[in-house]
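First the structure, in the form of structure tokens, and then the observations on it.
The values are calculated or read from the model by the stated rules, or taken from the named source; none is laboratory data. Since this is a predicted model, take the numbers as computed values, not measurements. Heads up, the Cβs are rebuilt from the backbone with ideal geometry, glycines too, and the neighbour counts pull from every protein chain shown.
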Amino acid sequence: MEVYAFAPTGFEGGLVRVEVDIRRGLPAFDLTGLPDDAVRESRDRVRAAIRNAGFEFPLDRVLVNLAPADLRKSGASFDLPIALGILAESGQVPEAGRPVLALGELGLGGDIRPARGALPAVAAGLSAGIEDFAVPRENLAEARSLGRGRVRGVSSLGEFCVLFLPAGALAEGAPCPECAGTPADPDADSRTAASWTAQDAGGPEGDFSDIRGQPQLRRALEVAAAGGHHVLLFGPPGVGKTLAARRLPTLLPDLSGTAAVDVTRIHSLAGLLGPGTGLLRRPPFRSPHHGASAEGVVGGGRCARPGEISLAHGGVLFLDEAPEFRSDILQALREPTEEGKISIARAEATLSFPARFQLVLAANPCPCGSLGRPGAVCLCSIQDLRRYWKKLGGPLMDRIDIRVPVKPAPFRDLQAPEEPSSAVRLRVERARRIQAERFEGLDCEVNGRIPAGFVGRYCPVDATTTAFLDRQSEALGLSSRALHSILRVSRTIADLDGAASISLRHAEEAAELRRYGDEDPFWRIP
């Protein structure tokens, strides 16, 4: 029997063939193929699990090779495929007659525990022509998300023999289902999977109506949601910047089929999917702390796991107190905001993860937060202000399409009801449908990601609007990227209005949403 495992390295991962050789000699169990400590420790877990599940561990020299040998293997998900390889080579389970990909951690009693990477494992196996998969029962809904292949969920080694291998009869000496302590019900997997539904990606709770007394802020977030634009919110503490950022995902439409698979795949690789979780349909919201490490935000580490910017793929990445983040982390955002992916260079390989998200930055006007606040005294020096804002840098700020000053709202406005998320989301979805038809066949779904070479084609303007943008460019010294940004936002505002072309009114509103920062000397510090 050909038994395969899955190495969750990078977004694609890699298939690992489990080769087992049993020969006469002093009893020993050797494991080769560049395993890490967790994989090497599987020898003791596999030995105990096989015996306690009612099988016999070979009293010979057992050699297990995990090929290819130059691919680093990590984690406990190799337990089940190693055990199956040994049982098949020793003749204790019937031959499946076709390749099998398995993953799962073994308990000492033979029970199978959930593992990360079930959906990527199935995707990698299907790409290699493998059709049969064995996963822990808790990972069954996730593994069946692609809707292809014969995927079985198992809870123990004994159950695997009955529910997965199509032999029709147990091999001599193999335990029966009752002895293994598991029900021999071939329809159990189907009923369990049917009871699971698509799960939310853990987005924040609340409604857009929670943002009150801030009409400019609400309009800016609606435009940002409709066009997938990056946003900067700046103002004194307590004015609602964090609240506004956490309500932005409530305006975003559900993830489509491909995007939902990619988002679920990334969360599976990171080990963040709970038992019974299927496809994630809601856009994720990630908000790392400003003290997070570069590996935690960008990704990488010893096992090259996805970071926060990849976990935000398809949703929102919110950096509260953005100038407090390390400069190298902030500048690492330039690649994903431009290309929609992040590349992690390692000695043995360069790995890539999808990272197409909406970036929301929040900042105080100064380190103490009192600058420009009525009745407050700012104690920050010019040097403090320079150091504070310099960390964002011009190249990153150039990629922020919408900059919104957030000010305290009058008390009477805080009492007035506002439009809920459901009503605003209808306008956002209508605008996004217009964009989907416009960009059919192009690698961009929203206006915020129109490639520079296509801005002229999809964002044409008349002579009056051209003259206006010329004046703005001269007055503010706008770069080409900044002008393209204004055109993209103008196109989104026109889509929200249902207009076929960009008018002067659309360009003026887009320039107003963009102007903060381009005319402020603190953004221009060399």
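Here residue 53 meets the list (1) surrounded by fewer than 22 Cβ atoms within 10 Å (Cβ to Cβ); (2) farther than 12 Å from residue 4 by Cβ almost entirely, failing just condition (1).
Filtering the stretch 336-371 to residues that are surrounded by fewer than 20 Cβ atoms within 10 Å (Cβ to Cβ) and either touching an Asp or Glu at 6+ places or on another chain (Cβ under 7 Å) or small (Gly, Ala, Ser) (or both) leaves 340, 343, 345, 347, 349, 352, 367, 369, 370.
Picking from 323, 275, which residue would you name as being in a helix (DSSP H, G or I), in contact (Cβ under 8 Å) with a residue 24 or more places away in the chain, over 28 Å from residue 445 (Cα atoms) and not hydrophobic (A, V, I, L, M, F, W, C)? 323 is the lone residue from the list that is in a helix (DSSP H, G or I), in contact (Cβ under 8 Å) with a residue 24 or more places away in the chain, over 28 Å from residue 445 (Cα atoms) and not hydrophobic (A, V, I, L, M, F, W, C).
A quick yes/no check of all residues on (1) over 24 Å from residue 354 (Cβ atoms); (2) assigned by TED's automatic domain parsing to the domain that holds residue 233; (3) without any contact (Cβ under 8 Å) to a residue 24 or more places away in the chain; (4) outside any helix (DSSP H, G or I):
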position	(1), (2), (3), (4)
436	no, yes, yes, no
466	yes, yes, yes, no
492	no, yes, no, no
495	yes, yes, no, no
511	yes, yes, no, no
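So, residue 19, is that one crowded, with 17+ Cβ neighbours inside 10 Å and either out of contact with any Gly (no Cβ under 7 Å at 6 or more places or on another chain) or polar (S, T, N, Q) (or both) or not?
No: the conditions fail for residue 19.
For the stretch 114-140, name all the residues that are within 14 Å of residue 273 (Cβ to Cβ) and of a type in the set (Gly, Ala, Ser). Passing the criteria: 115, 117, 118, 121.
When each of 126, 140, 103 is tested for being crowded, with 18+ Cβ neighbours inside 10 Å and closer than 16 Å to residue 14 by Cα, the lone residue that passes is 103.
Among residues that are outside the structural domain of residue 341 (by TED's automatic domain parsing), within 21 Å of residue 155 (Cα to Cα) and in contact (Cβ under 8 Å) with a residue 12 or more places away in the chain, residue 51 is not included. Being modelled with pLDDT under 95, closer than 19 Å to residue 156 by Cα and either over 33 Å from the mean Cα position of the chain (by Cα) or surrounded by fewer than 19 Cβ atoms within 10 Å (Cβ to Cβ) (or both): is that true of residue 94 here? Yes.
Could you say which residue among 289, 313 is at pLDDT 90 or above, surrounded by fewer than 24 Cβ atoms within 10 Å (Cβ to Cβ) and assigned to a loop (DSSP other than H, G, I, E, B)?
Numbers: 313 fails: surrounded by fewer than 24 Cβ atoms within 10 Å (Cβ to Cβ).
Going through 289, 313 in turn, the sole match is 289.
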